[in-house]
Each structure stands twice: as C-alpha cells, then as structure tokens.
Amino acid sequence: GRAAVQLNVGPLVVPTTRQQYMSGAVPLPPKLFSHNDQQSTWQSLMPEGARSGWGGRMGDLLMSANPQPVFTAVSTTGNAVFLAGNSVTQYQVGPAGPVLMNAAQGGSRLGSAGVSQALRAVLGDRGSNDFQAEYVRVAQRSLATAGTLQSALAGSSVPALPATPVTLTDGSTLALGKEPLALQLRMVAQLAAAGVQMGMRRQVFMVAIGGFDSHANQMRAQPVQMARVAQSVNWFLGALQGQGLADKVTLFSASDFGRTLTSNGDGCDHGWGSHHFVAGGSVQGGHIHGSMPVTALGTADDLGAGRLLPSTAVTQYAASLGGWMGLGASDLAAALPNLGSFSGAPALV
C-alpha cells in the first residue's frame, strides 16, 4: 500500500505512435536499445557523453535552500550523470559513509605522526596549472566535508540491517546485512537523517543494482533479483518510518529499458518501455498510473519482437518528481528541456 506503479515509461523526444516510429516521422531518442546510451538518456535525457543529468539540474535549482550545498546531490554508486549539474557537483559516498583520504587523517601513518600534516600541506598547493588546481580543489573539499558528514552521521540513529537471513519463495536466503542495495539504501536513510541535523532541505540521492540484462537464465535469476529489490526497499521504507522521515523521501525506480515480450529460448532481449514504481509517505499508494500496453505481439504498442513503445515519457515521470520537490513550471522546463512537448505529468506524489 505504500507504492504506486507508473506503466510503460521510457525516453521519448515527443509523443510517438507506432506508425510515426516506423515511418521516421518524428525525432526519436538516439541509439535506442543500447545499454550505455539509454542509461544516459534515462538519467540526462541525452545519449552517452551528456554533461548533466536531470537530478543534478534539479539540484542546481534547489541547492540554495541548503546550508551545506555540497551534499545536495549524493551518490552511493560511484559517478553518475544523473546527479551532475551545471553548478552542483555530486558527492560520492560508500556504504560506510564518506570516502576518506586515509593518509591525511590524524594519527600515526607509516610510523610517523607527521605524515598526515605533510600530505595536507602538499594538498594546499594549487600549483601552476589548471589540472593541479582542480585536483587540489576536489581534495580540499573532500577533507573539509568528510569530517562534517562523519559528525552528522554519528548523530543519526538508523537501525542496523538485520543479520538473520530472509527466506525467499524459492527456498534460497537473502542476508540484507550483506546485500549491496540494502547497504546503499541504509546509507541514504542515514544521510537523510543527518541532513535534518545539518538543516538540509532538498537532496537528491542515487543507488543502483545491476543484473537485469536477462538474455539468459531469466526464469531462475529474475525472481531473485526482484526479491533483492523488494526486501531492500521494504527495509528502507520501514527505516524512514522509524525516523519520522517517510513523508520527506520519495523513492523511484529507473532502468536502461524494458525487455522484449518474446523469448530467445532462455531469456529476453533489449526492449524500450517498462513499468516502474515510486514509494514513500507522500506517494498515492496502491495507484496505477498511465496506460497498460497490450501484452501481445502485433499490436499498436509492439515495435517488433514485443518491444513496447512507451506511452509515458521519462520527462513526464521526472516532472512529477520535480514538482514534489517544489519546482515550479519554469524551473521544471529548465531542468527538463523537452517538457513542453508533452501535456501534463502523472500525479505520482
């Protein structure tokens, strides 16, 4: 009851029919069905090589509300174009918190108490070229912010992930305490709680899980993958509830693309439109949004091999989430350049 489903969403430049797709009558997202390009298009509305993503562009517009702007866009999954902005710079953390420059921390290093001081002195020299100056700027930011974030995280009381394994429907077990997605989501729960202490008002986070490129072993692997997501998200929502943050966080799913309706004998291949979910205290739980495609071949939704033509654009999906974050029409248009090509956004939150 805490989740809603958005049906058949995918990247679109403009609303598109099957006939328009087949005839080339309208512009299409470049390099369809390519993993790296469609990951980028989902995250930025542009193919691989994009310099900013819609999460980061929303962060550009919202970061002035935060006393610690450096924590506006935070990734637990490494560098991601989704969180890159024109002004905001994504801050990357690991499952245990900020990634520390260990040699620059206090205490004895290499048998000497002076190592950390010497390294910090070296990192204070911006040098005579732009590359060194930028490296030093990022290193100094890391040193300055790590302590701030560590102190704030120490004050959060998010429970530990359960040590007892969960038994899945196929009889296998899942240990959330060792599950990478659950560990990432726990860090986000900690960061959200720490953000309250730091006076943060608007933040965008990103977590990730792979393994859904089910060309083979789909019947065996897919249920386990979905269980990993379901159990991790269920714990996360419970943790937010316990912190009194359920209404302040909305989680949504995204992916490269859906899968074909046809089988290749052991799995299915690259598709386009796919179903996604949103969850959180502000979500209209139990609702289904959008148009359900006909799950059959040769229909108006089928582009061949059961590749579904999206009926809702990622742009519209993003607009609903941006509206919940407090962005008005002009701000949404700035963050989502082709929003004017579509009429309305789903009422997800």
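Here is the figure for the stretch 232-245: residues that are touching a residue at least 40 places away in the same chain (Cβ under 8 Å) and either open to solvent by less than 60 Å² (accessible area, probe 1.4 Å) or of a type in the set (Asp, Glu) (or both) total 9. Across the stretch 123-137, the qualifying residues are those that are out of contact with any helix residue (DSSP H, G or I) (no Cβ under 8 Å at 6 or more places or on another chain) and surrounded by fewer than 11 Cβ atoms within 10 Å (Cβ to Cβ), and the one among them that is farthest from Ala239 (Cα to Cα) is Ser128.
Scanning the stretch 154-183 for residues that are of a type in the set (Ser, Thr, Tyr) and exposed (fewer than 13 other Cβ atoms within 10 Å of the Cβ), we see that the one that is nearest to Gly97 (Cα to Cα) is Ser157.
Residues in the stretch 248-279 that are in contact with a Ser or Thr (Cβ under 8 Å, 6 or more places away or on another chain), within 13 Å of Leu348 (Cα to Cα) and open to solvent by 10 Å² or more (accessible area, probe 1.4 Å): Thr250, His276, Phe277. Only residues that are at pLDDT 95 or above and either in contact with an Asp or Glu (Cβ under 6 Å, 6 or more places away or on another chain) or open to solvent by less than 40 Å² (accessible area, probe 1.4 Å) (or both) were counted in the stretch 38-49, giving 7. When the stretch 280-310 is filtered for residues that are open to solvent by 60 Å² or more (accessible area, probe 1.4 Å) and farther than 20 Å from Arg2 by Cα, the ones remaining, listed by number, are Ser291, Met292, Val294, Thr295, Leu297, Gly298, Ala300, Arg307. Test each condition in (1) at pLDDT below 95; (2) open to solvent by 40 Å² or more (accessible area, probe 1.4 Å) for Thr17 and report the one that comes out false. Among (1) at pLDDT below 95; (2) open to solvent by 40 Å² or more (accessible area, probe 1.4 Å), the lone unmet condition for Thr17 is (1).
Of all residues in the stretch 314-331, those that are buried (at least 21 other Cβ atoms within 10 Å of the Cβ) and either in contact with an Asp or Glu (Cβ under 9 Å, 6 or more places away or on another chain) or over 19 Å from Val283 (Cα atoms) (or both) total 1.
Against the conditions (1) open to solvent by 20 Å² or more (accessible area, probe 1.4 Å); (2) over 20 Å from Pro223 (Cα atoms); (3) touching an Asp or Glu at 6+ places or on another chain (Cβ under 8 Å); (4) among the aliphatic types (A, V, I, L, M), Ala334 satisfies every one except (3).
The values are calculated or read from the model by the stated rules, or taken from the named source; none is laboratory data. Because the structure is predicted, anything quoted here is derived from the model rather than measured. Neighbour counts are summed over all protein chains in view; Cβ atoms, including those assigned to glycine, are modelled from backbone coordinates with ideal geometry. Note: areas computed on protein heavy atoms with side chains; ligands, DNA, RNA excluded. Shrake-Rupley method; radii C 1.70, N 1.55, O 1.52, S 1.80 Å.
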